[in-house]
Amino acid sequence: MHALHKMILGFAGLALPVITQAQAATLVPVTPPAGAVQTIVFGINKHNVIAGAWIDANDVAHGFIGPLNGTYTSFDFGGTSTGTLPRALDDDGNIVGFAEDPSFSIGEEFLRQANGTLLPIQKDGTPLNGVAQGIIKKGETSTGDYLDPNTGNRTGYLATDGLYQSDVSLNLDIYSTNPRGLNHFGTLAGFYVESDKVTTHGMILKKGVLQVVDADDSGTTVLEDINKKEIATGQVSDASGNPHAFVYDNKTGVFTTITVNDGSSEQQAWGINDKGLVAVSTGIGASYIYCPRDVQCPKGGHTVADGRSWKAQPGASLRYDNNGHTGVKGAAHVTHGSAQ
């Protein structure tokens, strides 16, 4: 199994109490590209164009983009790369992602412009080594993280047109800062890892204020994207380290699980468009578009059981200390780092 299908591990925790049941939703199975053994859809834009990776019989990942269940265009980063992983796309069809490469510990980050041009995302002329995930069409602004060669830690960043602009710093004593999505208002979503290199918390960074988003007390929450309505996607891991997908409404504090009954033990929620459609992948190599009931859904879907919903404790998102530990009194305020 390609490593894409188990990228987030963690410890078990107790789920917060159920407060309501969500309305029934729809899952639209994604037609795999020709030759795919596994398919992972990472993003969907407002035009229902999807982007992701398909894995061939030799366990090599290739990028693809195209209309949902339509004709896809496959592409590879090339050079010395051994796999191409598109992780997000904007409404114009620009894509960011990273390419697996033996000379990079994580991968070489790239921007694929809507015309098909592939560019490395660079800082001071050097390609970034990390994960690019999150892009909006305004100036092709993108986000992600990179491995800092001086500290060995993962640091968040913002880029424009494939060029690094500034770090994203939480001003916490932590191991890594990992932005994964941003909306048109500049709000970032992602996660950070505490200094123990294990405990993970979801994060939303809005106008310089950090909100910590924990789906439960397991220390395994990850956010992957956020739309203009501040609906975020993510997952939290069980006792076996298997991720389970959810959507989180930052305005109400309500989490709702995404139910996929395809026999898989792992489900991950990735990109979300401004209409609320979510890209979902599972551990058996299948992908879906999750469509809430109040959203016009693409054809070809089927109704799924209600997801379990629960609400975060009031004020919990601002209770953390300088080490990022949650459940403590007080709040920290942060700003984007200076351009370097």
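Read-outs throughout are calculated quantities, based only on the coordinates presented, and are distinct from any laboratory measurement. None of these values were measured; they are calculated from a predicted model. FYI the Cβ positions are ideal-geometry reconstructions off the backbone, even for glycines, and counts take in every protein chain you see.
Based on the Cβ-Cβ distance from residue 82 to residue 249, what FRET efficiency comes out when R0 is 35 Å, to the nearest 0.05?
Using R0 = 35 Å, I get an efficiency of 0.35.
Below 15 angstrom from the Cβ of residue 261, what's the summed charge of the other residues (Lys, Arg +1; Asp, Glu -1)?
Net charge in that neighbourhood comes out at -2.
Which residues does the label zone of residue 161 cover in segment 130-150, counting backbone N under 16 Å from a point 7 Å along Cα→Cβ?
Those under the cut-off are 136-142.
Viscosity 1.306 mPa s, temperature 10 °C: what is the translational diffusion coefficient of the chain from Stokes-Einstein with a Kirkwood Rh over Cα pairs, rounded to a whole number of µm²/s?
Translational diffusion coefficient: 81 µm²/s.
Could you check what % of the DSSP bridge pairs in the chain are antiparallel, to the nearest 5?
Expressed as a percentage, antiparallel bridges in the chain total about 95.
With a 10 Å Cβ neighbour count serving as the proxy for reagent exposure, in which order, fewest first, do 302, 325, 62 appear?
By the 10 Å Cβ count, ascending: 302, 325, 62.
From Cα pairs below 8 angstrom and at least 6 apart in sequence, can you work out the relative contact order of the chain, rounded to a whole percent?
Relative contact order comes out at 20 percent.
If the label point is 7 Å along Cα→Cβ of residue 47, which residues in segment 75-114 have backbone nitrogen under 20 Å from it?
Backbone N within reach: 75-76, 86-97, 111-114.
Go ahead and run the numbers for FRET between residue 171 and residue 56, Cβ-Cβ distance against an R0 of 41 Å, rounding to 0.05.
After rounding to 0.05, the efficiency reads 0.40.
Once you place label points 7 Å from the Cα toward the Cβ at residue 122 and residue 73, how far apart are they in nm?
So the two model labels end up 2.3 nm from each other.
Test of understanding: what is the full-extension gain from residue 302 to residue 228, defined as 0.36 nm times their sequence separation minus their Cα-Cα distance?
Here the segment from residue 302 to residue 228 would lengthen by 24.0 nm.
Compute the signed sum of charges (Lys and Arg +1, Asp and Glu -1) over the other residues within less than 15 Å, Cβ to Cβ, of residue 138.
Taking every Cβ under 15 Å from that of residue 138, the sum is -3.
Quote the FRET efficiency, to the nearest 0.05, computed for residue 239 versus residue 37 with a Förster distance R0 of 25 Å and r equal to the Cβ-Cβ distance.
The calculated FRET efficiency here is 0.30.
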